[in-house]
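The values are calculated or read from the model by the stated rules, or taken from the named source; none is laboratory data. Just so we're clear, the structure is a prediction, and the values are computed from it rather than from any experiment. Cβ: placed from backbone, ideal geometry, glycine included. Neighbour counts: every protein chain shown.
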Amino acid sequence: MVPDAEAVAALVDAGLRTVPDFPRPGVQFKDITPLLADAAAFAAVVAALGEVARRVGADAVAGVEARGFMLAAPVAERCGLAFWPVRKAGKLPGPVLRREYALEYGTAAVELRGDLVRPGQRVLVLDDVLATGGTARAACELVEEAGAQVAAVAVLLELAELGGRAQLGGRPLVALRTA
Ligand code: AMP
């Protein structure tokens, strides 16, 4: 059974621990490990994300390294969908597609095996937190460069004041909880 949206938002609220000044001063880090360690809450969140995948007609679930993997793999397995890891640069044997994006200081890059993708596949892009949106946008651009279509981006938590949603250029966003 899929719990209702309010119940899921409450589970995300209860399961995420805010750690001030981690990994650097000024960051309010949202730690998902308490949620993962609560079997019932984890199952409910995976069920809710699986329902999102079903609703948007996803054929595949792309998880963003590393916490996106922890959500995307069980969702894909539960729904009988392909799982694609979107990895940090240099971890995935080639051939890979790569997207660089700006961080507060410097740049980062993510990579995807483009040869896993069949043209026109609909993909749910999953991560734990949407902050400034650069990571999710880069993941979406990779999926699209590979010839697939972003059905939606889904996250446990959207940090709305950081404006990440605007970075998604109109791609649908589902946040189980918005703060
Ligand atoms: P951004 O590209 O700014 O949207 O950052 C999103 C990525 O960084 C996601 O993969 C998150 O896991 C991570 N992230 C950014 N800000 C936070 C935060 N405050 N707490 C936890 N993870 C975060």
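Brief remarks on what is shown
- Filter result for Val96 (more than 27 Å from Thr18 (Cβ to Cβ) and without any contact (Cβ under 8 Å) to a residue 24 or more places away in the chain): yes
- All positions within the range 152-179 that are in contact with a helix residue (DSSP H, G or I) (Cβ under 6 Å, 6 or more places away or on another chain), part of a strand (DSSP E or B) and either among the aromatic types (Phe, Trp, Tyr) or more than 11 Å from the ligand (Cβ to nearest atom) (or both): Ala154, Leu173, Val174, Leu176, Arg177, Thr178
- The range 33-77, subset more than 16 Å from the chain's Cα centre (by Cα) and surrounded by 16 or more Cβ atoms within 10 Å (Cβ to Cβ), residue nearest to Ala14 (Cα to Cα): Ala41
- Of all residues in the range 113-140, those being farther than 25 Å from Pro23 by Cβ and part of a strand (DSSP E or B) number 3.
- Unique residue being surrounded by fewer than 14 Cβ atoms within 10 Å (Cβ to Cβ) and either touching a strand residue (DSSP E or B) at 6+ places or on another chain (Cβ under 6 Å) or not basic (Lys, Arg) (or both) when the list is Ala154, Ala89, Ala166: Ala166
- Matching residues in the range 135-151 - criterion: being within 15 Å of the ligand (Cβ to nearest atom) and surrounded by fewer than 19 Cβ atoms within 10 Å (Cβ to Cβ): Glu141
- All positions within the range 30-77 that are assigned to a loop (DSSP other than H, G, I, E, B) and either in contact (Cβ under 8 Å) with a residue 24 or more places away in the chain or within 16 Å of Arg17 (Cα to Cα) (or both): Ile32, Ala37, Asp38, Val56, Gly57, Ala58, Asp59, Glu65
- Failed item, numbered, when Ala108 is tested on (1) modelled with pLDDT of 95 or more; (2) farther than 20 Å from Ala139 by Cβ; (3) within 16 Å of the ligand (Cβ to nearest atom); (4) more than 16 Å from the chain's Cα centre (by Cα): (2)
- Candidates in the range 113-130 are the residues that are without any contact (Cβ under 8 Å) to a residue 60 or more places away in the chain and either buried (at least 22 other Cβ atoms within 10 Å of the Cβ) or within 19 Å of Leu92 (Cβ to Cβ) (or both); of these, the one that is nearest to the ligand (Cβ to nearest atom) is Leu130.
- Filtered residues of the range 78-99 (kept if of a type in the set (Val, Ile, Thr) and under 14 Å from the mean Cα position of the chain (by Cα)): Val86
- Among residues of the range 4-29, those that are touching a residue at least 12 places away in the same chain (Cβ under 8 Å) and either of a type in the set (A, V, I, L, M, F, W, C) or near the ligand (Cβ under 9 Å from one of its atoms) (or both), counted: 10
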